[in-house]
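Student: Below is one structure. I have some questions about it.
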Amino acid sequence: MLIDSHCHLDRLDLAAHGGSLDAALDAARAAGVGHFLCIGVSADNAATVKGLAERYADVDCSVGVHPLDLEPGAEPALDWLLGELAHPKVVAIGETGLDYHYEPESAALQQASFRLHLEAARITGKPVIVHTREARADTLALLREAALPQAGVLHCFTEDWEMAKAALDIGFYISLSGIVTFRNAEALREVARQVPADRLLVETDSPYLAPVPHRGKPNLPQYVREVAEYLAVLRGVSYETLAEQTLSNFKRLFPLAGVA
């Protein structure tokens, strides 16, 4: 059984499935995907992702505010975040983190929000899902500063082995998406070969970043199968071995998830 450890079910382009989320999830299940983690990105979509997790037994969710969804003067409040995290189907915090590629001018705001999410992780013991882009040094500095007793994950990892190793050294997991299949992603493939088997997750980040041969089209949770198959070949293991290992890793990182 595979798990799509990071997908945005509320944002999927469902045209290929007649506009039906049920059909899209059924297609993923038919491809061997047994569980989905639907990711929160803002205060506005928190109720939506919780509703989806309530609706489907094989969906859990996270709640948080993405660094590119922050509005000056409307930063998330710790009390709000803790209240959302009390929901039994909210098994993780985020996605949160730093993105200096698109909004370097909001670095201070992003860092304040990231610290707030990390504090919520310290209080609740729930794992944190980290987005980082062109913010390597600050991301690692804030994670080290937080010194969380529990693990988290750098999702949709796109950095080099040096950053991956630094994150692994402080207890984090590395999640790989369809980007690893892209022609120009050799540095990421080198990371994928080296990540310890017990720290690896797979994801789609759908509807974004569809793997080859679907690149340029809307991504769907069913395509996590193709990411996993690609990674298995890259790492020199069987697909079944990789699926079993990433399932075990997911259950260890997200112990509150309702994985059968």
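The values are calculated or read from the model by the stated rules, or taken from the named source; none is laboratory data. Since we're looking at a predicted model, the values are computed, not measured. Please note: Cβ atoms are built from the backbone with ideal geometry, for glycine as well, and neighbour counts cover all protein chains shown. These area figures cover heavy atoms from the full protein model, side chains too; ligands, DNA and RNA do not enter into them. Shrake-Rupley method; radii C 1.70, N 1.55, O 1.52, S 1.80 Å.
Student: How much accessible area per residue does the chain have, counting only protein heavy atoms and a probe of 1.4 Å, in square angstrom?
Tutor: I get 40 Å² per residue for this part.
Student: Where Rh is the Kirkwood radius over the Cα pairs of segment 13-70, the temperature 37 °C and the viscosity 0.692 mPa s, what D in µm²/s does Stokes-Einstein return?
Tutor: 266 µm²/s
Student: Another question about this same structure. Note down the nm distance, to one decimal, between modelled labels 7 Å out along Cα→Cβ at residue 55 and at residue 183.
Tutor: 3.8 nm
Student: In addition: Just tell me which lysines come within less than 22 Å, Cα to Cα, of residue 126; anything on the same chain fewer than 8 places away is out.
Tutor: 50, 89, 251
Student: Let me ask something else. Scattering from the C-alpha atoms of segment 28-125 alone, worked out with Debye: what is log10 I(q)/I(0) at q = 0.11, 0.24 1/Å?
Tutor: -0.34, -1.17
Student: Would you please state the base-10 log of I(q)/I(0) at q = 0.10, 0.15 1/Å for the chain, with intensities from the Debye formula using one equal scatterer on every alpha carbon?
Tutor: Log-scaled intensity ratios, in q order: -0.43, -1.05.
Student: Can you name the helices of the chain, as whole DSSP H runs, whose Cα span along the helix axis is 24 Å or more and whose Kyte-Doolittle mean is not below -0.5?
Tutor: 107-124
Student: For residue 144, what charge total do you get from the other residues with a beta carbon under 12 Å from its beta carbon, if Lys and Arg give +1 and Asp and Glu give -1?
Tutor: Counting the neighbours of residue 144, the net charge comes to -3.
Student: Given +1 on the Cβ of Lys and Arg, -1 on the Cβ of Asp and Glu, and no further charges, what dipole in debye does the chain carry about its Cα centre, rounded to the nearest 20?
Tutor: That gives a dipole near 640 debye.
Student: How much of the accessible area of segment 2-253, in percent, comes from carbon and sulfur atoms when a 1.4 Å probe is used?
Tutor: About 51 percent, which is the carbon plus sulfur part of the accessible surface.
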